[in-house]
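Reviewing the structure listed below.
The values are calculated or read from the model by the stated rules, or taken from the named source; none is laboratory data. These numbers were taken from a predicted model, which means no experiment stands behind them. Every residue, glycine among them, receives a Cβ derived from its backbone with ideal geometry; neighbour counts consider all protein chains shown.
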Amino acid sequence: MTGLPGRRAFHDLYFRLAAGARRRDNSVILILMDVQNLRSINTEFGYAIGDDVLKTMAESLMESSRATDLVARYGSDEFAILLIDAEPSALDMIVERVNEKLGQLVTRRSLPVAVHYDIGMAVADEAPESVEVLLRAADREIQKMKKSKTAG
């Protein structure tokens, strides 16, 4: 539906990209984004709008990333972006670009809802053999963010 690789393809592609990053001594960054309230959007507006939210999120990520980045739909409402040889200082700029593109697409498509997401990131100087290490670290950040929202 989104045109992005899924979870299995993401793992396969990570294996190859990470091997290349290790050979070139490049760092890796994983960004995990979890679309907020997708179930509520589906209930209130219907699955067609929920699908449009996912497609809009996917397009904003693709248009905000480099050709060398790996963007995937990792779960029903989760997206993963793998950046090879990117500086951690660039993360704020990347998130800003995604937010800007997302806002433009929501407006252009006349979606009846704003699209929000929780985000977690993991940085490694050397790409781990398995992406699971990065995914767990990024997911922990998402969970911390969610807890701080409910506590505050």
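For this structure, a couple of remarks:
- Among the residues listed as Phe45, Phe10, the single one being surrounded by fewer than 18 Cβ atoms within 10 Å (Cβ to Cβ) and out of contact with any His (no Cβ under 9 Å at 6 or more places or on another chain): Phe45
- Residues in region 93-152 that are part of a strand (DSSP E or B), in contact with a helix residue (DSSP H, G or I) (Cβ under 6 Å, 6 or more places away or on another chain) and not aliphatic (A, V, I, L, M): Asp118, Gly120.
- Residue check for Val71: outside any loop (DSSP other than H, G, I, E, B) and either surrounded by 18 or more Cβ atoms within 10 Å (Cβ to Cβ) or in contact with a His (Cβ under 6 Å, 6 or more places away or on another chain) (or both): yes
- Filtered residue count, region 56-68, keeping only those that are more than 13 Å from the chain's Cα centre (by Cα) and either of a type outside the set (Gly, Ala, Ser) or crowded, with 16+ Cβ neighbours inside 10 Å (or both): 2
- Test: Val98 is crowded, with 17+ Cβ neighbours inside 10 Å and at pLDDT 95 or above: no
- Which numbered condition Ile81 misses (of (1) buried (at least 21 other Cβ atoms within 10 Å of the Cβ); (2) in a helix (DSSP H, G or I); (3) of a type in the set (A, V, I, L, M, F, W, C)): (2)
- Within region 1-33, being of a type outside the set (A, V, I, L, M, F, W, C) and either touching a Gly at 6+ places or on another chain (Cβ under 6 Å) or closer than 26 Å to Met145 by Cβ (or both) holds for Thr2, Pro5, Gly6, Arg7, His11, Tyr14, Ser27.
- Screening region 1-66 for helices (runs of 4 or more DSSP H) wholly inside it with 1 or more residues that are more than 12 Å from Val131 (Cβ to Cβ), modelled with pLDDT of 95 or more and in contact with a helix residue (DSSP H, G or I) (Cβ under 8 Å, 6 or more places away or on another chain) returns the ranges 38-45, 47-64.
Quick grid of which residues meet (1) among the small types (Gly, Ala, Ser); (2) touching a residue at least 60 places away in the same chain (Cβ under 8 Å):
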position	(1), (2)
Leu61	no, no
Arg66	no, no
Asp85	no, yes
Pro112	no, yes
Tyr117	no, yes
Met121	no, yes
Ala124	yes, yes
Pro128	no, yes
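- Tally of residues being more than 16 Å from Met62 (Cα to Cα) and hydroxyl-bearing (Ser, Thr, Tyr) across region 1-27: 2
- Of everything in region 15-41 that is of a type outside the set (A, V, I, L, M) and within 26 Å of Glu100 (Cβ to Cβ), the residue that is surrounded by the most Cβ atoms within 10 Å (Cβ to Cβ) is Asp34.
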